[in-house]
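The structure under discussion appears below in the form of structure tokens.
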Amino acid sequence: MSEKPRGERRTGLLNGIAAYGMWGIVPLFWPLLKPAGAVEILAQRMVWSLAFVAAALLVVRRWAWAGELLRQPRRLGLVTVAAAVITVNWGVYIWSVNSGHVVEASLGYFINPLVTIAMGVLLLKERLRPVQWAAVGIGAAAVVVLTIGYGRPPWISLCLAFSFATYGLVKKKVNLGGVESLAAEAAVQFLPALAYLLWLSAQGRSTFATEGAGHAALLASTGIVTALPLVCFGAAAIRVPLSTLGLLQYMAPVLQFLLGIVYFHESMPAERWAGFALVWLALTLLTWDGLRTVRQAAMLRARLGAPRAAAVASVDPVDA
């Protein structure tokens, strides 16, 4: 792969920081939508996300992918699965933030890389290096410690981690660009979400038209809040190495965790600190191992030349 110009790398890095920064501070946004409940906010987010990405695609005139997708039932089915899984993820996250569980929600995105690795072993029969096994084991121990600390399994964290890991796995098989993928998933979500909002309005329980123009504007802005970080992420993904994105991804849960402690004043007894410390230890090991592997791959390319190194990596990407 050719080296990106310095200006391109800087642009990619800034876009990556913007994307993960926006995801990190989004807990500040959802409480602004009260008195709307979590399900109404979720439905509004689905409807306005489609409106926003459809407008964006009209501007850039990128519609060819839609016809191709409609002619491929298997990919269309996977998009439907992705839409269902991310609906669960969004709904649980909005509810958890507006119910005072920001710290537990942040934990879900801390353990997401560990869950992704575990799913790779269980579902894709991937082989792990010893350090990766150690990280997964420490992560499992952290869940046990946190279960003791909370007096129950950290179900919010587990639900967010497993749903997002599943979402990533399905999206990888669909193989669509970020904005296109969001448009396809929002199209699947749109009719059920709109039907729910119409039913809610008929019951006199909708807040969209009863809480003033400012509240309606905030609900409509959920489309921008959903799509804008994804656009920035897409701009970063094509300009910076995956190892850099892998490090940046921890910005979001770190910011969420800090907001939960400092801004929302959620309690953190000693046993919860112990559980989080184990998670952070597992992630440190995982990050160190990933960076070491990237360096080894770079040295391999330098010694053998890019075509030969690519051939070796395609035979055994873990060892390469």
Among the residues that make up region 101-113, is at least one of them open to solvent by 10 Å² or more (accessible area, probe 1.4 Å) and modelled with pLDDT of 95 or more? yes
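Just checking, does region 135-145 include any residue being assigned to a helix (DSSP H, G or I), within 30 Å of L33 (Cα to Cα) and among the β-branched types (V, I, T)? Walk me through how you get there before you give the answer.
Let us first name the residues in region 135-145 that are assigned to a helix (DSSP H, G or I), namely 135-145.
The next check asks that each one be within 30 Å of L33 (Cα to Cα); those that pass are none.
Within region 135-145, none of the residues are assigned to a helix (DSSP H, G or I), within 30 Å of L33 (Cα to Cα) and among the β-branched types (V, I, T).
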Reported set for region 1-55 where residues are open to solvent by 20 Å² or more (accessible area, probe 1.4 Å) and among the aromatic types (F, W, Y) is Y20, W23, F29, W48, F52
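Can you name the residue in region 160-206 that is aromatic (F, W, Y) and over 30 Å from V143 (Cβ atoms) and is also nearest to the chain's Cα centre (by Cα) among such residues?
Going through region 160-206, the residues aromatic (F, W, Y) turn out to be 162, 164, 167, 190, 196, 199.
From what's left, over 30 Å from V143 (Cβ atoms): 190, 196, 199.
Values: F190: 20, Y196: 25, W199: 30 Å.
Selected residue: F190.
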When region 215-231 is checked residue by residue, the ones that are modelled with pLDDT of 95 or more and open to solvent by 50 Å² or more (accessible area, probe 1.4 Å) are A217, L218
- On the given criteria, is L182 touching an Asp or Glu at 6+ places or on another chain (Cβ under 9 Å), touching a residue at least 60 places away in the same chain (Cβ under 8 Å) and in a helix (DSSP H, G or I)? no
Output for Cβ contacts, cut-off 9 Å, separation at least six or different chains, first residue within 14 Å of T287 (Cα to Cα) in region 120-147, second open to solvent by 30 Å² or more (accessible area, probe 1.4 Å) and hydroxyl-bearing (S, T, Y), reads A135/T284
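Only one of these is in contact with an Asp or Glu (Cβ under 6 Å, 6 or more places away or on another chain) and assigned to a helix (DSSP H, G or I): G91, G120. Name it. I'd like the intermediate steps shown before the answer.
Values: G91 fails: in contact with an Asp or Glu (Cβ under 6 Å, 6 or more places away or on another chain).
Step by step, each of G91, G120 is checked, and only G120 is in contact with an Asp or Glu (Cβ under 6 Å, 6 or more places away or on another chain) and assigned to a helix (DSSP H, G or I).
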- Task: Restrict the check to region 172-181 and report whether at least one residue is over 21 Å from A43 (Cα atoms), touching a helix residue (DSSP H, G or I) at 6+ places or on another chain (Cβ under 6 Å) and surrounded by fewer than 23 Cβ atoms within 10 Å (Cβ to Cβ).
- Result: yes
So, first residue buried (at least 16 other Cβ atoms within 10 Å of the Cβ) in region 239-253, second residue basic (K, R) and modelled with pLDDT of 75 or more, Cβ within less than 7 Å, six or more apart or across chains; the pairs are R239/R9; V240/R9
Of the residues in region 255-276, those that are under 22 Å from the mean Cα position of the chain (by Cα), aliphatic (A, V, I, L, M) and open to solvent by less than 50 Å² (accessible area, probe 1.4 Å) come to L259, I261
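Please list, ordered by residue number, the helices (runs of 4 or more DSSP H) wholly in region 196-270 having 3 or more residues that are under 20 Å from G21 (Cα atoms) and not aliphatic (A, V, I, L, M). Full working, then the answer.
Working: elements: 213-220, 222-237, 242-248, 251-258.
It comes to 222-237, 242-248, 251-258.
Please verify whether A202 is open to solvent by less than 40 Å² (accessible area, probe 1.4 Å) and either over 30 Å from T287 (Cβ atoms) or in contact with a Pro (Cβ under 6 Å, 6 or more places away or on another chain) (or both), treating the condition exactly as stated. Explain how you work it out, then say what you get.
On the way: open to solvent by less than 40 Å² (accessible area, probe 1.4 Å): no; either over 30 Å from T287 (Cβ atoms) or in contact with a Pro (Cβ under 6 Å, 6 or more places away or on another chain) (or both): yes.
Criteria not met by A202.
Report the residue count in region 34-75 for those that are assigned to a helix (DSSP H, G or I) and free of Cβ contacts under 8 Å to residues at least 24 places away in the same chain.
Of all residues in region 34-75, those assigned to a helix (DSSP H, G or I) come to 38-60, 64-70, 73-75.
Next, only the ones that are free of Cβ contacts under 8 Å to residues at least 24 places away in the same chain stay: 55, 58-60, 64, 67-68, 70, 73-74.
Going through region 34-75 one residue at a time, the tally reaches 10.
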Those residues of region 123-134 which are assigned to a helix (DSSP H, G or I) and either open to solvent by less than 90 Å² (accessible area, probe 1.4 Å) or of a type outside the set (F, W, Y) (or both) amount to L123, L124, P130, V131, Q132, A134
Result of the Cβ filter at 6 Å on region 1-20, keeping first residues that are in a helix (DSSP H, G or I) and partners that are surrounded by fewer than 16 Cβ atoms within 10 Å (Cβ to Cβ) and at pLDDT 90 or above, at least 6 apart or interchain, is none
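The values are calculated or read from the model by the stated rules, or taken from the named source; none is laboratory data. The structure displayed is predicted, hence computed values, not measured ones. Neighbour counts run over all protein chains shown; Cβ positions are idealised from the backbone, glycine included. All accessible areas refer to the heavy atoms of the entire protein, side chains included, with ligands and DNA or RNA removed. Shrake-Rupley method; radii C 1.70, N 1.55, O 1.52, S 1.80 Å.
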